[in-house]
Each structure stands twice: as structure tokens, then as C-alpha cells.
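K.L.:
I have a structure here, written as C-alpha cells, and I will follow up with some questions on it.
The values are calculated or read from the model by the stated rules, or taken from the named source; none is laboratory data. Remember, it's a predicted structure, so these values are computed and weren't measured experimentally. For neighbour counting, all protein chains shown are included, and Cβ atoms are generated from backbone atoms with ideal geometry for every residue, glycine included. The protein model used for the area step is the full one, side chains on, heavy atoms only, and it has no ligands, DNA or RNA in it. Shrake-Rupley method; radii C 1.70, N 1.55, O 1.52, S 1.80 Å.
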Amino acid sequence: MTTVEDLPAGANDARGRVAELHAIREQVRRGPSERATEAQRAKGKLTARERIELLLDEGSFNEVEPLRRHRATGFGLEAKKPYTDGVITGWGTVHGRTVFTYAHDFRIFGGALGEAHATKIHKIMDMAIQAGAPLVSLNDGAGARIQEGVSALAGYGGIFQRNTKASGVIPQISVMLGPCAGGAAYSPALTDFVFMVRETSQMFITGPDVVRAVTGEEITQNGLGGADVHAETSGVCHFAYDDEVTCLEEVRYLLALLPANNRENPPSVPCEDPADRSGDALLDLVPADGNRPYDMRKVIEEIVDDGEFLEVHERWATNIICALTRLDGRVVGIIANQPQSLAGVLDIEASEKAARFVQMCDAFNIPIVTFLDVPGFLPGVDQEHGGIIRHGAKLLYAYCNATVPRISLVLRKAYGGAYIVMDSQSIGADLTYAWPTNEIAVMGAEGAANVIFRKQIAEADDSDAMRMRMVKEYKSELMHPYYAAERGLVDDVIDPAETRHTLIRSLEMLRTKHADLPARKHGNPPQ
């Protein structure tokens, strides 16, 4: 590899020195070698600089410490001191707003983290926190640089500490574009969002070889920690895409929906979709019969600006929907039960998914709108033994702790504890609306009648007829659409066609909401 000593001496004047500088910069830009670049492309991957170019606005990147080199010796390291030390750091803009980034360069030491490498990342993370701007990491590294020993491990500790310090202060996005194994996987897990690319990115604590040696299980890298596994099974990955270009385009889209930091509001945009647009299609999208499924996504499309929204964790815990979207040009977070999946019940994974989304929205000043159509919590031995009580409490805690504007809308069923947990008025929703098709109750009419009128049903000559009569009586007394409104538990029962206009007017009123939590170091949420 060419070094400064190998470059032409040039004239000992300013022009000569500048020429020398430009030669070094060109070497830094090209990277280690064409062979290394070809090897990267052979894996179907872009180079670190190409990724940064796709992420940031054209020509906006400002690199920090491009001439940094490691100081390690031993195991041949003293003969290999490439510029950047395997990580490119700096800042630029996305849609005109400042964003900090670092990108592992797999062509240099396999993107492995050493002391100098880690110091560069620490510096750019500190800069992002101090500047109050988002941080995007483009991960493609082979873990700790073994030749540097414990110094490399300490570097990861510094990253984790800064991830935690930045949590809820600036948006942190991890984009997985290659392998991420061992302790390195904990940094993405500490960030707000994780993106992955199929076939080329994997995340795991122990790889297939270790799994095979310890448990005897045979599995591939993708089968153990690929994008689809983490998007569907583990929930580690929020977004998974087929290629890097699409992935980075979606990162830019997400950044357009997030504020720069926790002291700002999300960016608003001009909206040509009328605020008072009637949603007549909603009358046909949602069946009045509570036992008939429908796609809640179509309901969301009908209400939000231009039918566009970004669903988070789309393929994990599909019985609940978490999405970022806009109403009248302003960003909102939507949480909605999905009747097409498990009838929209709450279970362990749905509770965790929604709780984290609520916390993210609250941290970054994003109002929350909740659409309810929930028959309750999922019953079962596995759910109880798996801790549905404490996991469900995470969602309850998140809602109760949130101080951003909160509006809930009951479309159909809202039964039992699940109704309370899904941001009911009793736990602090600012406004609660319902459609005329709502059924707010402790449980379904059939179950309630079997409990309340058990003796009458058992003693009746025709128990089935008596049960039907008691169910009808219970519905007419306690489950009619206006029962909750009459008792002030719902602020209004609205025409579904007016939902968009109602939500927009309500959010406009709540824009100046201010709420303080009791003074404390931090809460102790259920785990």
C-alpha cells in the first residue's frame, strides 16, 4: 500500500504540499485496492462510500478524520496502516437536514473494530449528540479486531455507552449491510430502528459453528440471523429489503418523518389532501358484525394523507399495526389492532411491539392515535407462562408514561383489560372517540350472559333460548354504542366518514399540550 513516504517529494512550497494532500485524499477515496473492491462487489455489496452517497443528499458529505491510522503493533499490524482504519465517519444532509453517519469499510480489515476505528465512531457519536442530529450507522464489519485484543472490546463499550446516552435524545438508525456477530450486535439493539438487507446481512451473538458445537443443531447464517428471521421471528429487525439501494431510500424516508432531536417537532409538509375529506368508504370497510375480519391497513389508508404510511415491524406481531404517517401534513404515530391476524388480540409480542413504538413516539414528540378493535388478551398456557402479565404491563406503562397528544378511536370491539391498556380515557388519553359500531364492555355479550345469568339459563326449560334472550338483554343494557358516551368514558360518537376531519381538528387543538411527569431519576418499567 502506498504511504506518504512513497509519494513524490514535490517542491518544498505550498503548491507542492497541496499537491501532496490531493494525492493522499485520492488514495483515501479509492480505498485499499481494486481487488478488495471487486471482492466486495462479488458479494453483491456496495462500498462504504457508495452507501454514504446513497444515504445523504448529493455532495453534502463532510468526512471526519479520513487520515486516521491505527497505532497497534504485532501480528503484522505494523506493516498495514491504511487510512480511515476501516470506518468512514462524517456528516451530511438528508432532505436538507443534518445527519451524522459512520460506515464500516469491509475492504479494510473486514471492517473489524480496533482502537482507532472505535475512537472515530465515538467522536462522531459525540458530535451527533452535541449537535442534536440523527445518527445512522452503516454496519458491515467482522466484529472486534482480534489482533488488538481487549482494546477493541473496550471500543465497543464506548459505543454502547453512547447509544444509551443518545437514546430518546436523537434518532438512532442501524442499517445492517453485512455480518454483525457477537457483542457488536448489541449496538443495533440499543438503537431506535434496525434495517436489514436479505442474503447479505446477518446478526447473531453466536454463529452457526458455535451453535453446532454446543447444541448439535445445523443451521445456515441466514437461517440463524438473516433479515427474514429477525423481521418475522425475533423482532430485532424493523425493516427488511431485497437490496441496498431500496433499503437506503427507505432510511431517507424514515428520517423525513422524524425530528432532529427530542427538543424539536417532526417536520411538517404542505398537504394537498383536504383536511375535511369525507371517508365514506369506511362505512363499507369495517363490518358491523364483530366476528367478521377486515384489513385495518385499508382503514388507515382511507384516513391518512394520500393513503401513505410507513409500517414499523410489519412482519412481526402482525396482530397489531404500528405506523408513522401524516395527518394534514403533520407526523403522527398510529397503533391499531389488526382483525385479520389473531382477530386483533393482544399477546406477548404485540404488547412489546406497541410499547416500544409508544415510547419512541413519546421520546420524539410524535402524537399518538390509537385505533381499537380488540377482543382481549390471547388466552393460553404458553401466554401465561411466557409472562403475558408483565409483557402486557409494558404497553400499559408506555401509554401511561407518554406525555405527547394521545387520541383513541374505538371502531368495534373494546373488551376487558385490553380496552384499558389500548390508551383508554382512564389511563390518560386526551380525547376518546367511538364509531356507532363500538362495543365497549368487560367481555363479549355471550360470555357475560353465561356468567351473570348462569342460574337462569341452567334452570330454563329451553336453555339455548334463555341464553339468547339474556345475551340480547345484556347487549341492550350495557353494550349499546352510547353506553360509554353517556358515562363520559367516550368524548363523542362520530360518523366514520368524519374520522379524518375529527382527528385533524383534535390534533391541532392538542399541538400546544404540555404535561409534566413527577420528578424522578427514571421510572422502573416492567421487564
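K.L.:
Taking ALA154 as meeting all but one of (1) open to solvent by less than 40 Å² (accessible area, probe 1.4 Å); (2) over 19 Å from the mean Cα position of the chain (by Cα), write down the number of the exception.
P.N.:
It is condition (1) that ALA154 fails.
The rows are residues; the columns are (1) over 27 Å from VAL99 (Cβ atoms); (2) open to solvent by 40 Å² or more (accessible area, probe 1.4 Å); (3) modelled with pLDDT under 85.
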position: GLY10; (1), (2), (3): yes, yes, yes
position: ASP13; (1), (2), (3): yes, yes, yes
position: ARG17; (1), (2), (3): yes, yes, no
position: VAL28; (1), (2), (3): no, no, yes
position: ARG35; (1), (2), (3): yes, yes, no
position: ALA39; (1), (2), (3): yes, yes, no
position: ALA42; (1), (2), (3): yes, yes, no
position: ALA48; (1), (2), (3): no, no, no
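K.L.:
Which residues, taken from region 399-433, are among the hydrophobic types (A, V, I, L, M, F, W, C), farther than 16 Å from VAL493 by Cα and not in a loop (DSSP other than H, G, I, E, B)? Spell out the reasoning first.
P.N.:
Step one: filter region 399-433 for residues among the hydrophobic types (A, V, I, L, M, F, W, C), giving 400, 402, 404, 407, 409-411, 414, 418, 420-422, 427, 429, 431.
Within this subset, residues satisfying the condition of being farther than 16 Å from VAL493 by Cα are 400, 402, 404, 418, 420-422, 427.
Once the filter is applied, which keeps residues that are among the hydrophobic types (A, V, I, L, M, F, W, C), farther than 16 Å from VAL493 by Cα and not in a loop (DSSP other than H, G, I, E, B), region 399-433 yields CYS400, ALA418, ILE420, VAL421, ILE427.
K.L.:
Separate question: I need the full set of residues from region 181-207 which are modelled with pLDDT under 90 and open to solvent by less than 50 Å² (accessible area, probe 1.4 Å), in order please.
P.N.:
Selection gives ALA181, GLY182, GLY183, ALA184, GLY207.
K.L.:
Additional query: Give the residues of region 370-393 that are within 26 Å of VAL331 (Cα to Cα) and in contact with an Asp or Glu (Cβ under 6 Å, 6 or more places away or on another chain), sorted by residue number.
P.N.:
First, pick out the residues of region 370-393 that are within 26 Å of VAL331 (Cα to Cα): 370-374.
Hit for region 370-393 is THR370, nothing else.
K.L.:
Just checking, does region 334-344 include any residue being part of a helix (DSSP H, G or I), of a type in the set (S, T, N, Q) and closer than 30 Å to LEU517 by Cβ?
P.N.:
Of all residues in region 334-344, those part of a helix (DSSP H, G or I) come to 342-344.
So of that shortlist, the ones also of a type in the set (S, T, N, Q) come out as none.
Scanning region 334-344, I find no residue that is part of a helix (DSSP H, G or I), of a type in the set (S, T, N, Q) and closer than 30 Å to LEU517 by Cβ, so the answer is no.
K.L.:
Before we move on, is LEU255 farther than 22 Å from GLY44 by Cβ, of a type in the set (A, V, I, L, M, F, W, C), crowded, with 17+ Cβ neighbours inside 10 Å and at pLDDT 95 or above? Before the answer, list the steps.
P.N.:
Values: farther than 22 Å from GLY44 by Cβ: yes; of a type in the set (A, V, I, L, M, F, W, C): yes; crowded, with 17+ Cβ neighbours inside 10 Å: yes; at pLDDT 95 or above: yes.
It is true that LEU255 is farther than 22 Å from GLY44 by Cβ, of a type in the set (A, V, I, L, M, F, W, C), crowded, with 17+ Cβ neighbours inside 10 Å and at pLDDT 95 or above.
K.L.:
Do you know which residues across region 84-136 are modelled with pLDDT of 95 or more and open to solvent by 40 Å² or more (accessible area, probe 1.4 Å)?
P.N.:
Matches in region 84-136: TRP91, HIS95, GLY96, ARG97, THR98, LYS123, ASP126, MET127, GLN130, ALA131.
K.L.:
Sort through PRO525, PRO436 and tell me the only one that's part of a loop (DSSP other than H, G, I, E, B), within 30 Å of ARG330 (Cβ to Cβ) and either open to solvent by 50 Å² or more (accessible area, probe 1.4 Å) or aliphatic (A, V, I, L, M) (or both).
P.N.:
Working: PRO525 fails: either open to solvent by 50 Å² or more (accessible area, probe 1.4 Å) or aliphatic (A, V, I, L, M) (or both).
Answer to the selection: PRO436.
K.L.:
A further question on this structure: Do we find a residue being in a loop (DSSP other than H, G, I, E, B), of a type in the set (A, V, I, L, M) and open to solvent by less than 40 Å² (accessible area, probe 1.4 Å) anywhere in region 287-303?
P.N.:
Residues of region 287-303 in a loop (DSSP other than H, G, I, E, B): 287-295.
Add one more test, that the residue is of a type in the set (A, V, I, L, M), and what stays is 288.
Right, trim to open to solvent by less than 40 Å² (accessible area, probe 1.4 Å) and you get none.
No, every residue in region 287-303 fails to be in a loop (DSSP other than H, G, I, E, B), of a type in the set (A, V, I, L, M) and open to solvent by less than 40 Å² (accessible area, probe 1.4 Å).
K.L.:
Quick check on region 166-179. Is at least one of its residues farther than 21 Å from ALA118 by Cβ and not in a loop (DSSP other than H, G, I, E, B)?
P.N.:
The answer is no; no qualifying residue exists.
K.L.:
Please give the number of the condition ALA441 fails out of (1) over 15 Å from PRO375 (Cα atoms); (2) at pLDDT below 95; (3) among the aliphatic types (A, V, I, L, M); (4) crowded, with 20+ Cβ neighbours inside 10 Å.
P.N.:
Looking at each condition in turn, ALA441 falls short on (1).
K.L.:
Looking for something in a helix (DSSP H, G or I) and modelled with pLDDT of 95 or more - is there at least one such residue anywhere in region 306-325?
P.N.:
Yes, because at least one residue in region 306-325 is in a helix (DSSP H, G or I) and modelled with pLDDT of 95 or more.
Here's the yes/no breakdown for (1) open to solvent by 20 Å² or more (accessible area, probe 1.4 Å); (2) of a type in the set (Gly, Ala, Ser); (3) in contact (Cβ under 8 Å) with a residue 12 or more places away in the chain:
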position: LEU324; (1), (2), (3): no, no, yes
position: ARG330; (1), (2), (3): yes, no, yes
position: GLN340; (1), (2), (3): yes, no, yes
position: LYS353; (1), (2), (3): no, no, yes
position: PHE357; (1), (2), (3): no, no, yes
position: ASP362; (1), (2), (3): yes, no, yes
position: ILE366; (1), (2), (3): no, no, yes
position: ASP382; (1), (2), (3): yes, no, no
position: GLY392; (1), (2), (3): no, yes, yes
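K.L.:
Where the second residue is of a type in the set (D, E, K, R) and modelled with pLDDT of 75 or more and the first is open to solvent by less than 50 Å² (accessible area, probe 1.4 Å) and outside any loop (DSSP other than H, G, I, E, B) and lies in region 455-484, which pairs have Cβ atoms under 8 Å and are six or more apart or on separate chains?
P.N.:
From region 455-484, the pairs are ILE457/ARG467.
K.L.:
Residues ALA231, ALA260, ALA275: which one is under 30 Å from GLY44 (Cβ atoms) and either surrounded by 17 or more Cβ atoms within 10 Å (Cβ to Cβ) or in contact with a helix residue (DSSP H, G or I) (Cβ under 9 Å, 6 or more places away or on another chain) (or both)? Even if it seems obvious, please write down each step before you answer.
P.N.:
Working: ALA260 fails: under 30 Å from GLY44 (Cβ atoms); ALA275 fails: under 30 Å from GLY44 (Cβ atoms).
Among ALA231, ALA260, ALA275, only ALA231 is under 30 Å from GLY44 (Cβ atoms) and either surrounded by 17 or more Cβ atoms within 10 Å (Cβ to Cβ) or in contact with a helix residue (DSSP H, G or I) (Cβ under 9 Å, 6 or more places away or on another chain) (or both).
K.L.:
In region 397-424, which residues are in contact (Cβ under 8 Å) with a residue 40 or more places away in the chain and touching a Gly at 6+ places or on another chain (Cβ under 8 Å)?
P.N.:
Step one: of region 397-424, the residues in contact (Cβ under 8 Å) with a residue 40 or more places away in the chain are 397-399, 401-405, 407, 409-419, 421-424.
Answer for region 397-424, where residues must be in contact (Cβ under 8 Å) with a residue 40 or more places away in the chain and touching a Gly at 6+ places or on another chain (Cβ under 8 Å): TYR397, TYR399, ASN401, ALA402, ARG412, LYS413, TYR415, GLY416, GLY417, ALA418, VAL421.
K.L.:
In region 108-127, which residues are in contact with a helix residue (DSSP H, G or I) (Cβ under 7 Å, 6 or more places away or on another chain) and either in a strand (DSSP E or B) or under 26 Å from GLU249 (Cβ atoms) (or both)?
P.N.:
Across region 108-127, the qualifying residues are GLY111, LEU113, ILE121, MET125.
K.L.:
Out of region 131-152, which residues are under 21 Å from VAL175 (Cα atoms) and either in a helix (DSSP H, G or I) or among the polar types (S, T, N, Q) (or both)? Outline the logic, then answer.
P.N.:
Just the residues of region 131-152 that are under 21 Å from VAL175 (Cα atoms), to begin with: 132-145.
Once the filter is applied, which keeps residues that are under 21 Å from VAL175 (Cα atoms) and either in a helix (DSSP H, G or I) or among the polar types (S, T, N, Q) (or both), region 131-152 yields SER137, ASN139.
K.L.:
Ok, one more. Given the residues PRO379, PRO367, which is the only one that is touching a Leu at 6+ places or on another chain (Cβ under 6 Å) and of a type outside the set (A, V, I, L, M, F, W, C)? Please lay out each step first, then the result.
P.N.:
Numbers: PRO379 fails: touching a Leu at 6+ places or on another chain (Cβ under 6 Å).
Being touching a Leu at 6+ places or on another chain (Cβ under 6 Å) and of a type outside the set (A, V, I, L, M, F, W, C) holds for just one of PRO379, PRO367, which is PRO367.
K.L.:
I want to confirm something. Restricting to region 489-522 and keeping residues that are open to solvent by less than 40 Å² (accessible area, probe 1.4 Å) and not in a helix (DSSP H, G or I), which single residue is nearest to LEU431 (Cα to Cα)?
P.N.:
Within region 489-522, the first condition is being open to solvent by less than 40 Å² (accessible area, probe 1.4 Å), and the residues that meet it are 490, 493-494, 496-497, 499-500, 502-504, 506-507, 510.
Subsequent filtering for residues that are not in a helix (DSSP H, G or I) retains 490, 493-494.
On the way: VAL490: 8, VAL493: 12, ILE494: 12 Å.
The residue in question is VAL490.
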